[in-house]
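The values are calculated or read from the model by the stated rules, or taken from the named source; none is laboratory data. All values reported here derive from a predicted model rather than from experimental measurement. Cβ atoms come from the backbone with ideal geometry, glycine included; neighbour counts cover every protein chain shown.
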Amino acid sequence: MKKFLIFIASIMTAILLILLGAIIYRKVSINTPQGGKDFTEKEPKTIKTVLSLEDDVQNDTIWCGTFQLIWNDLKNDLAKQDIEFRPQLKVVENLNKETFTTNDISDKYYYKKIGTPSLALKEEIEKAIKEKFNETSDILDDFEWENRNIEDYFLYAMLKKEFQFEKAFEELENGKFGNYDNVKYFGIKKDETGELRNQVDVLYYNSKNDFAIKLKTKQEDEVILCKNPQGKTFNDIYKNITEKEANYKGEKTLEEGEKLKIPNIKLKEKNEFTEIQQKSFLFSNGDEYEIEKAIQTIELELDRTGGKIKSEAGMMVEKASLMVPESQREFLLDDTFAMFLIEKGKKTPYFAGKINDITQFQ
C-alpha cells in the first residue's frame with residue numbers, strides 16, 4: 001500500500017511539473033522580451049528601391065538614375081558588352097537596356113568616376129563631390145579600399161539637384177491620405193491673383209481619381225504627379241501619362257476655384273543590392289569578374305517652396321578566379337500616386353516614385 005501511494009504521488013508530481021512547464025512556456029512565448037517578435041503583428045512596411053525604369057514596381061517604390069549611370073559605365077567602358085550572369089537575372093537584362101543615360105541629365109548635376117580602388121581614389125572622389133556639390137559621401141566608407149588587386153575597379157556616381165517654385169504654394173491643413181491620418185499637405189486654397197495656378201499645367205483630367213499635373217519651377221525641372229498610376233514599370237507609367245496627355249482635349253490650365261492638394265515628401269533610403277553581388281560575368285576579352293558590393297542612396301524632399309534630391313551609387317567590381325470631366329475638377333493627391341522629376345526638354349525622368357503608404361515618406 002505504501003509503495004502504491006508513493007507511486008501515485010510521483011505520478012501527480014510529474015503531472016504538476018508538466019503543467020507548470022506548459023504554463024511557463026506559454027507565458028514566455030506570449031510576452032516576448034524587447035527585440036522579440038509577436039507573429040500576430042503585421043510586418044513593418046518599407047520603401048523598395050528598383051535598379052532600372054524597366055523593373056516591375058509595387059506600391060511605395062522609388063528609383064533614381066545614379067545606379068544606371070555606373071552600370072552603363074561597367075557595361076560600355078569596362079566589360080565592353082552586355083553583362084550576363086549565369087543564370088541571367090531579369091534585373092540585369094533591364095539594366096543592360098540603358099533606359100537612362102547621361103543624355104537625360106545635364107552634366108552640372110552629376111559626377112561620376114571609374115578607377116582602381118585605393119585610398120587615393122577615395123580621397124579624389126571625396127574632394128570632387130565637395131568641390132562640385134559641397135557634399136560628403138554616405139557610402140564610400142562602406143567599401144574596402146586597401147590591399148586591392150590592380151585589376152579591380154570601383155565605379156561611382158552622385159546626382160544632386162535643387163529646385164524652387166516661383167511662388168511658394170499655400171500650406172494646407174493636415175488631412176487624410178488613403179487610410180492614414182494627420183498627413184502634411186501643400187497646394188492651393190485661395191489664389192486671387194492666379195500666380196499659383198500659373199505654376200500648374202494639367203496634363204489630363206478624366207476624374208478626381210484619374211489625372212496628372214505638372215508643377216513648373218524656376219529652374220529647368222518639372223514635377224509630374226499622377227493620381228492612381230497605371231503600369232507595371234515606371235517606364236510603363238510614364239508612357240501612359242504621355243499618351244493620355246497627347247489625347248487629352250480638355251482644359252490644360254488650373255481654373256479659379258479648382259483645388260490642389262499635394263502631400264509633403266521627405267525620405268532618405270540606403271540600399272545594398274545583394275541580388276547582383278557575388279555572381280560571375282565576363283568582359284569581352286574573356287576576363288571573369290563579379291560585383292563585390294553595390295550600394296545606392298536616395299534622399300528626396302518636396303514641400304510648398306520646392307524640392308531637392310541627392311543620390312549616390314557605388315559599385316566595387318573584383319576580378320574573379322577562373323571558374324565556370326466633372327463640373328469642378330479636384331486635383332487632390334490624397335491616395336496612391338506616381339511622381340517623376342525630369343529636366344525640361346529631356347525625354348527621360350531622372351527620378352521616379354510610386355507612393356501608397358504616405359507614412360513611409362513623411
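Kindly establish whether A294 is small (G, A, S) and under 18 Å from S207 (Cα atoms).
It is false that A294 is small (G, A, S) and under 18 Å from S207 (Cα atoms).
Yes/no matrix, rows are residues, columns are (1) at pLDDT 95 or above; (2) in a strand (DSSP E or B); (3) out of contact with any Pro (no Cβ under 6 Å at 6 or more places or on another chain):
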position	(1), (2), (3)
D191	no, no, yes
L215	yes, yes, yes
K218	yes, no, yes
V223	yes, yes, yes
P229	yes, no, yes
I241	yes, no, yes
E255	no, no, yes
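Return the residues of the range 193-210 that are of a type in the set (F, W, Y) and touching a helix residue (DSSP H, G or I) at 6+ places or on another chain (Cβ under 8 Å); say none if nothing qualifies.
Y204
Say we look at the range 145-170 and pick out the residues that are touching a strand residue (DSSP E or B) at 6+ places or on another chain (Cβ under 7 Å) and charged (D, E, K, R); which of these is surrounded by the most Cβ atoms within 10 Å (Cβ to Cβ)?
K161
Being closer than 18 Å to N76 by Cα and of a type in the set (A, V, I, L, M, F, W, C) is the requirement here; does I291 meet it?
It is true that I291 is closer than 18 Å to N76 by Cα and of a type in the set (A, V, I, L, M, F, W, C).
Just one of the numbered conditions (1) at pLDDT 95 or above; (2) on the phi < 0 side of the Ramachandran plot; (3) in contact with a strand residue (DSSP E or B) (Cβ under 8 Å, 6 or more places away or on another chain) is not true of R86; which one?
For R86, the failing item is (1).
Restricting attention to the range 133-147, report how many residues are touching a helix residue (DSSP H, G or I) at 6+ places or on another chain (Cβ under 8 Å) and farther than 18 Å from K270 by Cα.
Qualifying residue count for the region: 2.
Which of the residues that make up the range 276-295 are in a strand (DSSP E or B) and closer than 16 Å to F154 by Cβ?
If the condition is that a residue be in a strand (DSSP E or B) and closer than 16 Å to F154 by Cβ, then Y289, E290, I291, E292, K293, A294, I295 are the ones that fit.
Just one of the numbered conditions (1) buried (at least 18 other Cβ atoms within 10 Å of the Cβ); (2) assigned to a loop (DSSP other than H, G, I, E, B); (3) within 20 Å of the chain's Cα centre (by Cα) is not true of I70; which one?
So the condition that I70 fails would be (2).
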